[in-house]
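The values are calculated or read from the model by the stated rules, or taken from the named source; none is laboratory data. On a predicted model such as this, the values are computed, not experimentally measured, just so you know. Positions of Cβ are backbone-derived with ideal geometry, glycine not excepted, and every protein chain shown enters the neighbour counts.
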Amino acid sequence: MLHRIAEIKVLPGYMLWARFSDGAETAYDVSALFDKIPDFQSLKDVPGLFGQVRVDANGYGICWNDELDLAAEELYANGIPLKSAVKLPPGTQCPVCGQMLRRKSEIQRRASIANLAKRHSRGGRPVNPDSKRQKALRAKTAQKA
């Protein structure tokens, strides 16, 4: 599952706090990367660069500049969990976007599958015989005959 970052904040000691779109929160120690990946050494060497962290456009990572970035999966998997993901029941609002969460009941799901099967067996969507398009087609075929 791909996780999306909703918010990122700088903490003391080269730590980052990340809140994900599912409600989970982690703290990530970037100083562990200084020895592993030489490019990340510039976060320590260049004054003020570490504080310029921002969330990428789609939320699938964070970046400092064109050369330095981290994937959201890295922060989620290897960060220190502070708060677990929220599992919301149907009929509640998403805490991030405010959209109403809805899930079909088993009866509604079966009815949807049955209706879909009926549509495909007739060759597509059901046709309304009283629509303007159908009346125009009947008139056109009547003129040809």
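Values as computed for the structure displayed
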quantity: Among residues of region 22-64, those that are basic (Lys, Arg), over 23 Å from Ala85 (Cα atoms) and exposed (fewer than 13 other Cβ atoms within 10 Å of the Cβ), counted; calculated: 1
quantity: Criterion: touching a helix residue (DSSP H, G or I) at 6+ places or on another chain (Cβ under 9 Å), under 30 Å from Ser21 (Cβ atoms) and either surrounded by 10 or more Cβ atoms within 10 Å (Cβ to Cβ) or modelled with pLDDT under 90 (or both) - qualifying residue of Glu73, Glu67, Glu106; calculated: Glu67
quantity: Count - residues of region 1-15 that are surrounded by 13 or more Cβ atoms within 10 Å (Cβ to Cβ) and in a loop (DSSP other than H, G, I, E, B); calculated: 3
quantity: Residue within region 132-142 that is exposed (fewer than 12 other Cβ atoms within 10 Å of the Cβ) and modelled with pLDDT under 80 present; calculated: no
